[in-house]
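Colleague: Sharing a structure below in structure tokens format, with a few things to ask.
The values are calculated or read from the model by the stated rules, or taken from the named source; none is laboratory data. Everything quoted here is computed from the prediction, not taken from an experiment. Cβ placement follows ideal geometry from the backbone for every residue including glycine, while neighbour counts extend to all protein chains displayed.
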Amino acid sequence: MQGLSLEETKNEIRRLDPWLDEQDEMGFRTAVVLLAAAFATGPDAERLVIFTGYPESFVSAISQRMRQCGLWTANEVSTDHWFNGDKWTLGLWMDSLVAEGRVVACRLEDGKWQYRVAQGTPPLPVA
């Protein structure tokens with residue numbers, strides 16, 4: 001999936017969840033940012049803003065949350081838990097909830113991710 005264009009990224013999100021609405025749904029845009037970071041631009045917020053055309057405040061809030069829990073580093077995006085073989089898992093959607101500030105994640109000693117509901121975390125600004 002490396003080197004996805006913006007339209008290919010959006011099409012993959014539509015394929016994974018046809019119920020998400022690109023025009024009105026923060027969840028759609030959040031998933032686009034996550035896939036773009038993983039398969040197009042890397043986790044650099046400035047490059048993500050340019051690639052997606054989304055507001056800097058929206059992308060920066062996602063970047064901050066993803067870095068805070070370790071799902072993103074300076075140069076890498078953790079995606080191993082998004083797949084079981086070549087099949088998508090719920091990992092992408094759990095990470096989307098982290099990116100939106102609804103859930104927090106931490107990596108356990110065995111390398112698996114643990115998620116819990118975020119307490120008192122403000123929601124992302126509307127894009």
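Colleague: Of the residues Gly27, Gly3, only one is modelled with pLDDT under 95 and under 11 Å from the mean Cα position of the chain (by Cα); which?
Modeller: On the way: Gly3 fails: under 11 Å from the mean Cα position of the chain (by Cα).
After applying the criteria, what remains is Gly27.
Colleague: Is there any pair linking a residue in segment 4-23 that is more than 17 Å from Ser96 (Cβ to Cβ) to one that is among the β-branched types (Val, Ile, Thr), with Cβ under 8 Å and at least six apart or on different chains, and which?
Modeller: Matching pairs, first to second residue: Leu6/Val32; Leu6/Thr52.
Colleague: Here's another thing I want to ask about it. For Ala38, are the conditions met, namely being of a type in the set (A, V, I, L, M, F, W, C), over 22 Å from Arg14 (Cα atoms) and surrounded by 13 or more Cβ atoms within 10 Å (Cβ to Cβ)? Explain how you work it out, then say what you get.
Modeller: Details: of a type in the set (A, V, I, L, M, F, W, C): yes; over 22 Å from Arg14 (Cα atoms): no; surrounded by 13 or more Cβ atoms within 10 Å (Cβ to Cβ): yes.
Here the answer is no, as Ala38 does not meet what is asked.
Colleague: Report yes if Leu48 is touching a strand residue (DSSP E or B) at 6+ places or on another chain (Cβ under 7 Å) and among the aliphatic types (A, V, I, L, M), otherwise no. Before you say what the answer is, go through the steps one by one.
Modeller: Working: touching a strand residue (DSSP E or B) at 6+ places or on another chain (Cβ under 7 Å): no; among the aliphatic types (A, V, I, L, M): yes.
No: the conditions fail for Leu48.
Colleague: Restricting to segment 77-93, name every residue that is without any contact (Cβ under 8 Å) to a residue 60 or more places away in the chain and touching a helix residue (DSSP H, G or I) at 6+ places or on another chain (Cβ under 7 Å).
Modeller: Val77, Thr79, His81, Trp82, Thr89, Gly91
Colleague: Suppose the filter is touching a residue at least 60 places away in the same chain (Cβ under 8 Å) and of a type outside the set (S, T, N, Q); does Ala31 pass it? Quick ask: steps written out before the conclusion?
Modeller: Details: touching a residue at least 60 places away in the same chain (Cβ under 8 Å): yes; of a type outside the set (S, T, N, Q): yes.
Answer is yes for this residue.
Colleague: In addition: Give just the number: which of (1) more than 20 Å from Trp19 (Cβ to Cβ); (2) touching a residue at least 12 places away in the same chain (Cβ under 8 Å); (3) basic (Lys, Arg) does Arg47 not satisfy?
Modeller: For Arg47, the failing item is (2).
Colleague: Please find, among Ile50, Ile62, the residue that is β-branched (Val, Ile, Thr), exposed (fewer than 14 other Cβ atoms within 10 Å of the Cβ) and either within 21 Å of Arg14 (Cα to Cα) or touching a helix residue (DSSP H, G or I) at 6+ places or on another chain (Cβ under 9 Å) (or both). Break it down into steps so the answer makes sense when it comes.
Modeller: Numbers: Ile62 fails: exposed (fewer than 14 other Cβ atoms within 10 Å of the Cβ).
Only one candidate passes the filter, namely Ile50.
Colleague: Those residues that are surrounded by 10 or more Cβ atoms within 10 Å (Cβ to Cβ) and free of Cβ contacts under 8 Å to residues at least 40 places away in the same chain, I need them from segment 94-111; list them, please. Walk me through it before giving the result.
Modeller: First pass over segment 94-111, keeping only residues surrounded by 10 or more Cβ atoms within 10 Å (Cβ to Cβ): 94-107.
Those that are surrounded by 10 or more Cβ atoms within 10 Å (Cβ to Cβ) and free of Cβ contacts under 8 Å to residues at least 40 places away in the same chain: Met94, Leu97, Val98, Arg102, Val103, Val104, Ala105, Cys106, Arg107.
Colleague: Still on this structure: Can you find, within segment 9-24, the residue that is modelled with the lowest pLDDT among those that are surrounded by fewer than 19 Cβ atoms within 10 Å (Cβ to Cβ) and closer than 19 Å to Ile50 by Cα?
Modeller: The selected residue is Gln23.
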